[in-house]
Amino acid sequence: MRRLRVRRGFRLHPAQAVVVGFAITVAVGTLLLWLPPMTLNPDGTSFITALFTSTSAVCVTGLTVVDTQAHWSPLGQVVIMALIQVGGLGIMIFASLIGLVLARKMSVRSRLNTAAEAKTVGYDDVRGLIRGIVLISFTIEAITWAFLFPRFLFGYAYEPGEAAWYAIFHSVSSFNNAGFALYSDSLMGFVDDPFICLPICAAIILGGLGFPVIMQLRKEFARPLHWSMNTKLVLWATPILLVAGTMYLTVVEWSNPDTFGRLNPASRILAGFFASVQTRSSGFNTVDTGLMRDESWVGMDVLMFIGAGPAGTGGGIKVTTFAVLFFILLTELRGEGAVNIFGKRLSRAVHRQAITVVLIAVGAVMSATVVLMLFTGLTFDVVLFEVISAFATVGLSTGITGDFAEIEQAVLVFLMFAGRLGPLTLGTAIALRDRRILYELPKERPAIG
């Protein structure tokens, strides 16, 4: 009896699996939100609105083309929150979690996919990685809920069920850096309330640090000498950017009567800190972003483009990329041969990766800005702010997204998707194969500068 030869099925590269996983989740979310029961409108919603909202939720962005509170039904809001949670955890991590629960085992391919999603170097203990990520996510969300629930219940006289729902939705949205709010004006009604603003900011900052950083701090908090370069860079750059952003925005908006100028001094500082935190990759706002000064927009553009930590719920080029480029610049100005950071030498492969990420990000942002300017006729500063907000999965808006035509919304959909995955992951997924060249060409140096 002849043996039948069975061809091995096509297998995706781990980066490609992550892209496909996100795309499938966006598609499922779109179909769910497209159903009539998901909206308060008996006629349902348009396909592009469902696609835009699903992409924004899965990619934890927060940009919207409709009022979340007025347009979506309670069931639709639950779907949005579920999409935010899945998008924040990561599709491959979430799928692997289900596999662990059902089959209590993982294939090598699943381990690779999960490691690619979580940006880990090794994948021997992916079970522990998944448990740690899920535990961290739910714990921080629960703690945030514990702060918000009594404030909504006693401070604003919400009914218990309503207070619990608002607390859980905004806790999930905060930790996952999504920026979706159940209020038509985002969180502008709480601009001077530290009991709402500070817990939300804390959840956003923790979510933006990245899971590898949080997990290492959980295990080795008292042993900073054992921290990885990634952890040190994130913990070094994050507070500097937060403080710098707070000072800059507070000073620029201090006398603006449409934003901070109407508040007392303490509330102005709180509003400045809150606005700075949102640029890390969230998207809530306690003042009207569209009424902020042009100088504030420029500063927020820079902060949004940098983004949060890697392998977390935030977007942007990541603070580690920004820090690596800073140290490369510092090394070049000093005339040193190798880039040394915190007593360790930086791999030259990381140099190329950082430059690649930034160039792809700049190319995507500028290309989309030009396209939208041609379509809409709007000015450069307004369109650039919206484009960076979408690509960096921030969700802050000057108020123009809802007026975009379908083709213009589609541009932002692509930016949110590409920004959530990251330029390097997306580029790796598009590449057909890895090229390994077994020879080196002669060196030559062109004139630079």
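For Asn264 and Ala410, calculate 0.36 nm times their separation in residues minus their Cα-Cα distance, and state this gained length in nm to one decimal.
Values: separation 146, 0.36 × 146 = 52.56 nm, distance 4.11 nm.
Fully extending the segment from Asn264 to Ala410 adds 48.5 nm.
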Residues whose placed amide H lies under 5 Å from that of Thr39, excluding near-sequence neighbours: Ser73
Given the Cα-Cα distance of Leu75 and Asp43 and 0.36 nm per residue of separation, how much length would full extension add, in nm? 10.0 nm
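Which percent of the accessible heavy-atom area of the range 190-242 goes to carbon and sulfur, probe 1.4 angstrom?
Values: 1710 of 2320 Å².
C and S atoms contribute 74 percent here.
Carbon and sulfur together cover what percent of the accessible area of the range 48-92 at a 1.4 Å probe radius?
Values: 690 of 950 Å².
Ligands and nucleic acids excluded, carbon and sulfur give 73 percent.
Figure the gain on full extension for Thr356 and Val28 (residue separation times 0.36 nm, minus the Cα-Cα span) and round it to one decimal in nm.
Details: separation 328, 0.36 × 328 = 118.08 nm, distance 3.17 nm.
Stretched fully, the Thr356-Val28 segment lengthens by 114.9 nm.
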Solvent-accessible area per residue for the range 326-374 (1.4 angstrom probe, square angstrom): 64
How many Å² of accessible area per residue for the range 200-279, probe 1.4 Å? 43
Kirkwood Rh and Cα-based Rg: tell me the resulting Rg over Rh for the range 157-248, rounded to two decimals. 1.06
Note, ³J(HN,Hα) from phi for the range 178-184, Karplus 6.51, -1.76, 1.60, rounded to Hz, x at Gly and Pro: 7, x, 6, 10, 8, 10, 5
Label model pair Thr376, Phe326: point-to-point distance (7 angstrom along the Cα→beta-carbon line) in nm is 3.1
Counting only residues 5 or more places away or on other chains, whose amide H sits under 5 Å from the amide H of Ile341 once H atoms are built in the peptide plane? Leu346
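Which order do you get for Glu141, Glu444, Glu159, Glu220 if you rank them by accessible area with a 1.4 Å probe, largest at the top? Please report the intermediate quantities before stating the final value.
Values: Glu141 10, Glu444 165, Glu159 125, Glu220 40 Å².
Descending accessible area places them as Glu444, Glu159, Glu220, Glu141.
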Pairwise label distance in nanometres, Phe342 with Ala164, each label 7 Å out on the Cα-Cβ vector: 4.2
Using a Förster radius of 56 Å, what is the FRET efficiency between Leu333 and Leu35 based on their Cβ-Cβ separation? Nearest 0.05, please. 0.45
Relative contact order for the range 303-366, counting Cα pairs under 8 Å that sit 6 or more residues apart, in percent: 23
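The values are calculated or read from the model by the stated rules, or taken from the named source; none is laboratory data. All figures in this text were calculated on a predicted structure; none of them were measured in a lab. Positions of Cβ are generated from backbone atoms using ideal geometry, with glycine treated the same way; all protein chains shown enter the neighbour counts. Please note that ligands, DNA and RNA were not included when accessible areas were found on the heavy atoms of the full protein model with its side chains. Shrake-Rupley method; radii C 1.70, N 1.55, O 1.52, S 1.80 Å.
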